[in-house]
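Before any comments, here is the structure.
The values are calculated or read from the model by the stated rules, or taken from the named source; none is laboratory data. Because the structure is predicted, anything quoted here is derived from the model rather than measured. Ideal geometry is used to build each Cβ from the backbone, glycine not excepted, and the neighbour counts take in all protein chains shown. Areas reflect the complete protein model, heavy atoms only, side chains present, ligands, DNA and RNA absent. Shrake-Rupley method; radii C 1.70, N 1.55, O 1.52, S 1.80 Å.
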Amino acid sequence: MKNIVQRDFPELLVTTLKEEEKKLPDLPDIGKDGVVMRLAPSPSGPLHIGHARMSILNDEYFRRYGGKLILRIEDTNPANIEPDAYQMIQDDLRWLEVNFTDLVIQSKRFNIYYEEMEKLIEMGKAYVATTPTEEFKAKKQMGTPIRERDESPEENLERWDKMVAGEYEKGEVYAVVKTDLNHSNPAIRDFIAFRIVDTPHPLEGDRYKAYPMMNFSVAIDDHYLGLTHVIRGKDHTANTEKQKYIFSYRNWKMPYYLHYGKVSIEHAILKTSLIKKGIRNGEYSGWDDPKLGTLLALKKRGFDPLAIRKYYIESGIGSVDTTFSWEIFYSFNRKIIDGRSPRHFFINDPVSLKFDFDGALTADIPLFPQAGHSDDQKTRHYEVRKGEIVVTSQDFQKFNGDLVRLKDLGYFKIDDDRIEYLGESINEDIQKWNPNKPLGKVPIIHWLSGNGMPFKVMKPDGSADSGLLEKDALNYISMVHQLERYGYVNVLNDKTGYFTHP
RNA sequence: GCUCCGGUGGUGUAGACCGGCCAAGCAUAUGGGGCUCUCAAUCCCACGACCCGGGUCCAAAUCCCGGCCGGAGCACCA
């Protein structure tokens, strides 16, 4: 096989090599105009790390093949709409660098849905029922029709007109698309396509009473929007089967559907209903609270959207269920941000040590130690005199009585509430203090001396660390810093930062 | 219960459609080492996996059957 390719289509091999970086498998049936794909979130809240997979996957293929990427906001359930979400979703996508080409809002398309339903009823492929749903469900299980299913299109059309006109109350009537009552999978048998909703719609008010169900509006839109490929979660596999019936009744060409597995994202709060409740009762500071798994929260924690993209490309489109690995995600992000993150000292839970010294010690600590950064020669310059030196309580407990190296300052000995300077390089004094240990192994710790300010770091688990942050960090507000030996932190202002990751 | 789908190291994946080049690649984590006045980044080395049982075949991670385990759907949510 490989030999044949090599001999007859050497150019294919070249593409394969170039694509190696991309990793996602090719899509079938790509036309000359590329693909038409969609992002179809419901506007219940801003996007979260789970939505990002759907967004990135679709966008990657759109980038590869060109064509259209449609943002279709599925707002056909007024009870579950957060009005701000229409905008927030677009902002989130922009942040992810997902550049959709078209915006479609389903609540603007009711006329199309009504027309299409009418056609199906006329064709005898749909019906409108007032039979109690309990009976509808029970009969479906047995594979027998309810009364209305066998009535004429005229009778059903009559009820349909009344349904659209708002002459029924909520729960009294529903419209159904016929599939196959004997389908081996009961989940696929006749499905409800329209229902009555009396909750006012945030955009349309009470203009409509008959609302399409997702399985109906999606099929209609997927066709009329000209979709060629649809990538969505595998919780939709049964839905795809249902939607297939509408396509076949109308003789439409089905887009190519691909279902990826479920990602369970541990330790992340994603459910919008829970988040809204939490915001209301003060448990969360807002949609961007660091405890949340929203993209807004990740942004505020200082993640680069490229890390999210990389992660989901790496995960691929397999149908296997997976667990989101924060560890791997952090690693991707760390590699992206490390080189551009200024280094500073943050003394978490500081311990103050008396420093008795004549004269001044100088320290020049690199700000961007990685070669290649435009400021890689810059340092934080300090003169340390008699007074106080602070270190973290953790280091204090560990090294009290021992020799330590204060980073870029010199060798010191910690002696309870005091700290003593021993020299800037290894000498006899130091060897005395450290008789048994190899001198190359002296622990290097971070410190501050009069150049710190109170600072608080909000962590994703809801806790916070308080301590002293090096004042020089103020020159780099709203940037992710690497607080040495502590972790990466997005410094928001002179008082608070959000913890990115270790 | 019914109908689908799937199970590769701790974790995320490649390979599976079209059986051999897979005594299984990559990433992450872990352990060790180099570099570095950070427990970061970077470089090197090590570690570690084809769910189980049958079958087909010269040959099975890959095909078939059974089992076990996991997931999805069976809504007037999307």
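Structure notes:
- Verdict on residue A:121 being β-branched (Val, Ile, Thr), crowded, with 16+ Cβ neighbours inside 10 Å and away from RNA strand B (no atom under 15 Å from the Cβ): yes
- Test: residue in region A:283-290 that is more than 15 Å from the chain's Cα centre (by Cα) and either surrounded by 19 or more Cβ atoms within 10 Å (Cβ to Cβ) or not in a loop (DSSP other than H, G, I, E, B) (or both): yes
Every residue, every condition in (1) assigned to a loop (DSSP other than H, G, I, E, B); (2) touching a Ser or Thr at 6+ places or on another chain (Cβ under 9 Å); (3) open to solvent by 50 Å² or more (accessible area, probe 1.4 Å); (4) within 13 Å of RNA strand B (Cβ to nearest atom), yes or no:
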| residue | (1), (2), (3), (4) |
| --- | --- |
| A:336 | no, no, no, yes |
| A:381 | no, yes, yes, no |
| A:404 | no, no, no, yes |
| A:419 | no, no, no, no |
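- Where residue A:362 falls short, out of the listed (1) part of a strand (DSSP E or B); (2) away from RNA strand B (no atom under 15 Å from the Cβ); (3) surrounded by fewer than 18 Cβ atoms within 10 Å (Cβ to Cβ): (2)
- Test: residue A:228 is among the β-branched types (Val, Ile, Thr), outside the structural domain of residue A:172 (by TED's automatic domain parsing) and under 18 Å from residue A:104 (Cα atoms): yes
- From the list A:226, A:261, the lone residue that is under 23 Å from the mean Cα position of the chain (by Cα), small (Gly, Ala, Ser) and surrounded by fewer than 19 Cβ atoms within 10 Å (Cβ to Cβ) is A:261.
- Test: residue in region A:150-169 that is within 10 Å of RNA strand B (Cβ to nearest atom) and in a loop (DSSP other than H, G, I, E, B): yes
- Residue ID - most open to solvent (accessible area, probe 1.4 Å), chosen from residues in region A:76-118 that are part of a strand (DSSP E or B) and within 13 Å of RNA strand B (Cβ to nearest atom): A:105
- Unmet requirement for residue A:324, which otherwise passes all of (1) in contact with a helix residue (DSSP H, G or I) (Cβ under 8 Å, 6 or more places away or on another chain); (2) surrounded by 21 or more Cβ atoms within 10 Å (Cβ to Cβ): (2)
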